[in-house]
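We did not get these values from a lab; they are worked out from the coordinates using the rules stated. Everything numeric in this text was worked out from a predicted model, so none of it was measured. Quick reminder, even Gly has a Cβ in these numbers, built from the backbone with ideal geometry, and neighbours come from all protein chains shown.
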Amino acid sequence: MAFPLSPVRQAGPFVIVSGQVGRDEDGTFPSSAAEQTRVVIASITRHLASHGLTLADVVKTTVFLTSMDDVTAVNEVYRTAFPEPFPARSMVGASALPVPEGVVEIEAWALQPSWNGTQSS
């Protein structure tokens with residue numbers, strides 16, 4: 001089922017990546033939160049690249065977890081993916097995600113440093 005959303009949008013100097021879940025390219029979900037986090041971050045990276053950005057341009061993320069027991073595993077992956085200074089971040093416990101197999105979802109806001117006031121998508 002397709003959800004009524006844009007996976008990535010530019011709004012002024014910001015590029016916003018909608019919440020990404022840990023679905024592999026073959027459509028399956030890895031069983032661990034750490035592996036799903038790696039998949040999520042790879043997806044965010046691809047969306048940012050479509051706007052000429054990298055994870056270094058991310059200024060804010062929101063992480064949704066179905067189990068707060070996964071915080072440590074997610075943080076270990078997150079820490080190696082995002083460069084310092086780390087983005088501002090909220091981490092929220094969620095009773096469920098839009099896909100039953102998902103245990104982690106991350107949305108990201110990046111700053112387009114070269115924004116000239118005319119770009120949009």
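Quick notes on this structure:
- If the chain linking Thr28 and Val59 were pulled fully straight, counting 0.36 nm for each residue of separation and taking away their Cα-Cα distance, it would gain 8.2 nm.
- Helix 71-81 and the longest principal axis of the C-alpha atoms of the chain enclose an angle of approximately 40°.
- Three-way shape label, segment 1-40, alpha-carbon gyration tensor, a/c 1.5: oblate
- Taking amide H atoms as placed 1.01 Å from N in the peptide plane, the amide H of Gly102 has no partner under 5 Å among residues 5 or more positions away or on other chains.
- Angle in degrees between helix 33-49 and the longest Cα principal axis of the chain, rounded to the nearest 10: 20
- Taking the Cα atoms of the chain, the ratio Rg/Rh between the radius of gyration and the Kirkwood radius comes to 0.96.
- If only the Cβ of Lys and Arg carry +1 and only the Cβ of Asp and Glu carry -1, the dipole of the chain around its Cα centre is close to 420 debye.
- Computed E for Ser50/Glu76 - FRET, C-beta separation, R0 35 angstrom, nearest 0.05: 0.80
- For segment 9-111, the residue among Ser90, Leu111, Thr45 whose Cα projects farthest onto the positive side of the dipole built from Cβ charges is Leu111.
- Value at 222 nm in deg cm²/dmol, rounded to 500, when DSSP H runs of n ≥ 4 in the chain each add -39,500 (n - 2.57): -7500 deg cm²/dmol
- Computed 3J(HN,Hα) for segment 5-15, one whole-Hz value per residue from the Karplus formula 6.51 cos²θ - 1.76 cosθ + 1.60 where θ = phi - 60°, is 7, 9, x, 8, 9, 9, 9, x, x, 9, 10, glycine and proline marked x.
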